[in-house]
Structure formats: structure tokens, C-alpha cells
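The values are calculated or read from the model by the stated rules, or taken from the named source; none is laboratory data. Please read all numbers here as calculations on a predicted model, not as lab measurements. All Cβ positions, glycine included, derive from the backbone under ideal geometry; neighbour counts span all protein chains shown. The accessibility values were calculated without ligands, DNA or RNA, using every heavy atom of the protein model including side chains. Shrake-Rupley method; radii C 1.70, N 1.55, O 1.52, S 1.80 Å.
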Amino acid sequence: MAKGIEQDFLNELKAKNPIEDVISSYLHVIRRGNTLWACCPFHHEKTPSFAINVLDQYYHCFGCGASGNVITFVKEYESVQFMEAVRILAERAGVVLPDISYDDKAIAAKKQHHDRLLQVLRETARFYWQNLNSDRATTFTNYILEREIPSSIVRKFGLGASLNFDALPKYLMEKGFTAFEMLDSGVVGKNDRGILYDFLAERLIYPIINSLGDVIAFSGRLLEKKPNFAKYKNTRDTVIFNKSKSLYNINQVRKLKKEQAIPYIILVEGYMDVIALAKVGYSNCVASMGTSLTKEQAKLLKRYTETIYVAYDGDFAGQVAAERSIQILKDEYLNVLIVPLPNGQDPDDMIKTLGKSYFDEALQNVLPYIDFKIMMLAKRYNLTKVDDRRKFIEKALAIIKLEKSATVREELLKNLQKQTGASLESLQSDLENTVVDEREKIEINTTKTIQSTEKNKIMLAEQFILVAYLFHHKYTQNYDISKLTFENDIHKKIAAYIYEKQKNGQEIYPSSLFDIFPENTVEINLLFEEKNMQVFDEDSVKYFQDCVTSILKANNEKKRIALVNESMTCVESARKMAILKEIQQLTEEYKNF
């Protein structure tokens, strides 16, 4: 729980945001009794294993182990911090956020600084917008007119202009911001003489906005070539902005998600590609801001859809970048299809020169990954030359060999026949004899089998006992959990929580564990695994007793070993006799288990 937020407020917030209502607004759910089921949004699956427990107000995925309460879900699904998740739920329920009194001055200062940086960025966006709409930005407005960007799109994306090096620092200073705040936001730099300057000076400005609608950074584009000036330049990473975790236009995608399901998102390379697509009605489009796609960006995309259309530039460099990005997307179990673009053109060029209908047609002819790999391979060889053609066939067959579907393999072989002129029979024969390099095989993540060691048995016993108490099973009523010493530190804390609640006659809520412990605590997630939830039949009573016995025996053995080790170094006869007596007593107890 974030420091400074009263638990009573969080309880009220959760009460006014029933987990079943919140999650069903994001996911398609099916009700079975008191449990709702959905396909997990945090990993790829076709059969629902994501359970929402209505009675106890928590979720758990039996596939990937993700667990949490309603705040945790919003935080993970929206890829936001705890306070932002609280804010989303407060707005949803019409609850006013309380003034947060931070006990820790350092935390309070950090929060205040974070808010001030957001204000700097917001004022900077306003400043750039005002510049663009002034009579001093002729170069920039002419460029926008040449690119045929309508005013509605300019407003939608908040485009702006930086006219010189010194106006922005002066403007922000007049607004009451310090030099430190300006520098820390990334919008201002400092030269060797200590003079502040606009970091994106004399550029067309693209504000970068997060999913919550906050301006977090800017990118600038030079309209005229200048020596030693990069064409595109981003504000550097800050406490607000991390380029590897951000996507351009994700704010519009989130808005679209609230209105309707998103069948696919189009991934492009540049800002103007996004704007060009938005101009012709495609709001479901994002850009990775001129850098290679990252795992964090892929995870962010997965929050909004299962399918990604990759529409990188049609030149060789763009296709190589697409190939790298595709693997990152596939590693997150996303369905990836490639939009075939004319060589040398990006989506912006294609729409400008050929029109929207051609891009629409390209979307209708998206390529699966394996077809794209073969297409990329063909570009590396001159198929009019015998030697190149043979090498291409050999490598193409190695790719086709990876395809599991016989129907798809046959289709790919027919395409290869058309490309190379080889007979279908010879290609089929060579395919059967093709040996796939191990490095080419798609890696499948497998869970390592855990050996059934004594330590593992104790861990499982601890899990079963804690679940039995948390879910109020009758056979726990006559046993005092404080008599057990748990080996795992997290389990110890859970047991202490249960004992404290029992002692004070208070109700135990399983979902409260998500408030007590950090998110994604492995031990907490494991408690909600299906194998631990099956504690409802008659055999469970005996199994519970066996688990208690296993832990008591382990506690006994641990004490005995410690005493034996102490006796070996003890020189005081009275103490040694007492130790031996304790060892004998523990040995007798062990026999009686």
C-alpha cells in the first residue's frame, strides 16, 4: 500500500468498484456461480483460465499465476503506477481523492517534484501550441499545409513549434518554474556557459502523451537541414519519461479501447505515419518513436489487443527492423501479421501517393510471419542466378520445415515453386530431408520440473494450511496456527496476520493479502493456484492434519539439529546435560507424530 493513503479510503474505493464490474469493463467474462472466467490479459491463451472471485474480490490466473485485487488489476492492465490506478478507480466511482498526508518527508517531496514536472511539461506543450498558432510560425504552418494535415488532426495530436533557443526557458521562468525543474523535465538544456536553452529549438514539436493523457515528453523534427543538427530529437529519459516503455499515440488507443474492442493495432515507425493514418480514419495506430521495439512496449500493446499489424517502411532497413520487432511481439504471445508496403515507401508515403484505398488493400493482404521471413530471404538472393536460387531454396525449406500445419506447408511450397521454377515433387522430397538447425527452432518456454524434496513438501504443506485458514475451512477452527513455525518468511507473516485476526475475533479476507504484500509476490500468487484451492472434500481433513504433522516434524528436526550442534561445542557440563535432555524429549515427541 502506498504510504500516506488511509486503508479506510482504499476499502471504500474497492467497495465502490466491485472487481467483477471493473474487469468485465475490460474483458469478456463468463459467469459460473460466484466466479467469473476470462482469457487472461497478461499472457496468451485461448481457453479462459483467468478467474475473478466475486465473493472474496480477487482475481487469479491459473495459467500464468497473476493475482491481485481491483487496484492491482487496473495498475497492471493500464501499465500505470499505484496512485494512477487509484485515481482511475476514483474517477470511475465518482470518489474524491483525499488530501494525502505523507509521513515521510522524502516521499512527499518526491511526489511534489513529480507533479511539478508534469506541470512544466503541460505548460511547455501549451507554449509550443501557441507558437504554431502565431503569425511567426510560417515555415511550420507551410509544412503542415504541404503535408495536408487538417487542423482537427493538428489539435488532436497537439502539434507545436519551437521558434528559437531562448523563448521557452524565459516563458517557464515567468510561470514560476525553477531552472532545476526545467532541466529535470528534459525540455531545457544548459550550455557550457550555464545558459538555459530550448532542448528542441527550431523544430516542429510532437508531444508524447501517456495512456492517462499526461504530456510526458516531446519529439522535434527539423524542417530545414542544418549542420550538426539531428533531423529528429527526443527529450531525454526522465523520472516522467522512459522511451523504452512509451508508445506514440497510446492515449488515443486507450480512448478507442473504452469505446469498442480493438481487433488489431497498427505498429509503424514514425510520428508522421501515425498522423497520416489518423488523417484517413485509423486511430488504432502507434509508433515506437524511431527506436527498436522493446519488450516493455510489446507488453503495453498486449493490454489493448491480441493482434499487431506491423507496417514498417518498405525498404530493406525497415523490413529488417520489422523482423526484429516481430520476434519481440511473438515472445509476448501476440498474433503478428505484416502489412506489405511498396519498396521504399512508408505508410505516410503510400497514403500520400497512392491514396487510402491502397493502404486498405494492404491491410486486407497482411502476411503471416513465416511468409514474411521467406519474402525477406528472397530479397537477399538474385533468383535469376542458379547458385543463388539453390541457396534460397535450401534456406526457404528450412523455414517451411518449422511450420506445423501440413496445409500451410503445402501452400508455402506452391509459392516457392512459382518463385523458383522448381517442381513441387522435388521441393516436397527435399523438405522431407531438410534438417533444421537447432538455432532456427522456435524456443518454447517450459517450466522446469521441481524435484520432490523434503523442503518442497514443507512448502506445499505451508501453502495448504494457509489457504485452509484464509478460506475459512471448518477443520481449522480447533487448531491454533501460532503453534506452527513456518519456514518461508512470507508464510510466517501471513500466519501472523491470521493469528492476529483470530485473536481479535476479526474476519479474514484473502484479498487483503494484496494490500499487505508487494504486488507479484510469488508466495501470494502460489496460494491461489488451483492445486491449493481444492480443499473442499472429506480427504482434505486428513490432508490438513498430515500437513500440520509435517510442519511440526520439521520444526522438531530443526530444533534437534541446532541442539546437537550446540552440544558439540558446549563445555559447560550443566548446560550440556540440559541440551541432551531437550534432545531426548524432542526425539520422543518426533516418534509420537
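Calculated mean residue ellipticity at 222 nm for the chain: -15500 deg cm²/dmol, from DSSP H runs with n ≥ 4 weighted as -39500 (n - 2.57), summed, divided by the residue count and rounded to 500.
Using a ≥ b ≥ c from the Cα gyration tensor of the range 22-175 (square roots of the eigenvalues), is it rounded, prolate or oblate, where a/c under 1.5 gives rounded and otherwise the larger of a/b and b/c decides, a/b for prolate? Oblate.
With viscosity 1.306 mPa s and temperature 10 °C, the Kirkwood radius over alpha carbon pairs of the range 326-376 converts through Stokes-Einstein to a diffusion coefficient of 133 µm²/s. Shown for the range 363-425 is the translational diffusion coefficient from the Stokes-Einstein equation, using the Kirkwood radius over Cα pairs, a temperature of 4 °C and a viscosity of 1.567 mPa s: 107 µm²/s. Ligands, DNA and RNA left out, the accessible area of the chain computed with a 1.4 Å probe is 50% carbon and sulfur.
So, by mean Cβ neighbours within 10 angstrom, what's the order for 83-92, 7-16, 458-467 with the highest one leading? Show your work: numbers first, answer last.
Details: 83-92: 17.8, 7-16: 14.5, 458-467: 22.4.
So the peptides 83-92, 7-16, 458-467, ranked by packing, come out 458-467, 83-92, 7-16.
Full extension of the segment from residue 245 to residue 32, taken as 0.36 nm per residue of separation minus the current Cα-Cα distance, would add 73.0 nm. Dividing the C-alpha radius of gyration of the range 233-294 by 2.2 N^0.38 Å, with N its residue count, gives 1.15. Counting every pair of alpha carbons in the chain, the share spaced more than 35 Å apart comes to 56 percent.
With 18 Å as the cut-off, how large is the P(r) tail for the range 33-88, expressed as percent of Cα-Cα pairs? Cα-Cα pairs in the range 33-88 separated by more than 18 Å: 33 percent. Rg/Rh, computed from the Cα trace of the range 295-389 with Rh as the Kirkwood radius, has the value 1.02.
Per residue, the average separation of C-alpha pairs within less than 8 Å and at least 6 apart gives the chain a relative contact order of 9 percent.
What does the C-alpha gyration tensor say about the overall shape of the range 176-282? Classify as rounded when a/c is under 1.5, otherwise prolate if a/b is larger than b/c, or oblate. Note, shape of the range 176-282 comes out oblate.
Listed by chain and number, the aspartates and glutamates whose alpha-carbon sits under 18 Å from that of residue 356, ignoring those within fewer than 8 places in the same chain, are 146, 148, 273, 313, 346, 348. In terms of packing, defined here as the mean over residues of other Cβ atoms within 10 angstrom, the peptides 564-575, 54-65 line up highest first as 54-65, 564-575.
Thinking of the range 172-218 as a set of Cα atoms, what percent of all their pairs are more than 14 Å apart?
Numbers: 620 of 1081 pairs.
That fraction is 57 percent.
Rounded to the nearest 20 debye, the dipole magnitude of the chain is 840 debye, with +1 charges on Lys and Arg beta carbons, -1 on Asp and Glu beta carbons, and the Cα centre as origin. Lacking any other cysteine beta-carbon closer than 4.7 Å, the following Cys residues of the chain have no compatible partner: 39, 64, 285, 547, 570. The residues of the chain expose, per residue, 53 Å² of accessible area to a 1.4 Å probe.
In terms of packing, defined here as the mean over residues of other Cβ atoms within 10 angstrom, the peptides 331-341, 235-245 line up highest first as 331-341, 235-245. For the set 474/503; 373/418; 110/233, the pairs lying more than 21 angstrom apart at their alpha carbons are 110/233. Volume per residue for the range 240-343 equals 95 cubic angstrom (convex hull of Cα atoms).
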